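Below is one structure, written out as structure tokens, with a few remarks after it.
The values are calculated or read from the model by the stated rules, or taken from the named source; none is laboratory data. Since the structure is predicted, the reported quantities are computational estimates derived from the model, not experimental observations. Note that each Cβ is placed from the backbone with ideal geometry, even for glycine, and that neighbours are counted across all protein chains shown. With ligands, DNA and RNA removed, areas are computed over all heavy atoms of the protein, side chains included. Shrake-Rupley method; radii C 1.70, N 1.55, O 1.52, S 1.80 Å.
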Amino acid sequence: MAYRTGTYFAFDGLGQADPTKSDFKYYATVQGWNANKGVEFKFANSHEKASAVRDSSKVETLKASIRQRLAASKNMVVILSRSTRKSGSMLSYEIEKAVDRYQLPLIVAYTGYDAVVKPDELSFMWPNTLTERIRNRTAQAIHIPFRQAALFNAISRFTVNGESIGSPLQFYSWDAHKEWGYV
């Protein structure tokens with residue numbers, strides 16, 4: 001297998017054609033952070049490493065593109081909001097493949113939170129595929145607030161080539177959240 005260098009971003013499109021009405025807006029925020037010349041940290045975005053697939057593409061074409069991107073990824077950021085669906089979105093397929101086939105560490109980023117120190121309390125936001133993999137302990141996941149410093153720290157540390165998360169319910173300490181100025 002080729003050396004994996006990208007970060008795969010997964011979110012629920014919520015069945016919307018308008019990206020501003022879906023969780024795509026959070027992915028767009030991350031793209032803005034990464035493009036900011038004033039930010040020292042940069043990451044390789046797996047979505048930019050494979051050919052683009054339009055929303056109108058056939059499901060099998062979309063799944064093939066997802067597998068290609070996951071195979072080139074060193075980790076996966078799962079962006080969760082209060083609107084994220086339990087099932088019925090491509091996000092479920094992405095989580096399933098990331099964990100079961102590619103053994104990617106998951107960085108589960110929760111929108112609308114300044115700190116995440118009890119990830120189990122946010123399980124109401126988890127898609128069923130994530131719940132199953134956390135409960136059966138096949139996922140390695142760190143749970144973080146959807147905030148720049150936490151996200152960039154996790155992306156740089158937890159990779160198939162780097163530091164192991166070691167647990168499906170890992171999180172940063174309260175002190176780390178304080179250090180970042182979140183609490």
Here the residues within the stretch 123-157 that are of a type in the set (A, V, I, L, M), more than 19 Å from A176 (Cα to Cα) and outside any loop (DSSP other than H, G, I, E, B) are M125, L130, I134
Residues of the stretch 85-121 being assigned to a loop (DSSP other than H, G, I, E, B) and open to solvent by less than 40 Å² (accessible area, probe 1.4 Å), in sequence order, are S89, Y102, L104, P105, T111, A115, V116
So, first residue under 13 Å from H143 (Cα atoms) in the stretch 153-181, second residue hydroxyl-bearing (S, T, Y) and surrounded by 12 or more Cβ atoms within 10 Å (Cβ to Cβ), Cβ within less than 7 Å, six or more apart or across chains; the pairs are I155/T7
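Looking for something modelled with pLDDT of 60 or more and touching a strand residue (DSSP E or B) at 6+ places or on another chain (Cβ under 6 Å) - is there at least one such residue anywhere in the stretch 24-34? Before the answer, list the steps.
Narrowing the stretch 24-34 to residues modelled with pLDDT of 60 or more: 24-34.
If we keep only those that are touching a strand residue (DSSP E or B) at 6+ places or on another chain (Cβ under 6 Å) as well, we get 26-27.
Yes: one or more hits.
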Is there a residue in the stretch 43-60 that is open to solvent by less than 60 Å² (accessible area, probe 1.4 Å), assigned to a strand (DSSP E or B) and modelled with pLDDT under 80? yes
Residue pairs qualifying under the 9 Å Cβ cut-off, at least six apart or on distinct chains, with the first in the stretch 133-151 being under 15 Å from D120 (Cβ atoms) and the second being open to solvent by 20 Å² or more (accessible area, probe 1.4 Å) and among the β-branched types (V, I, T), are H143/V117
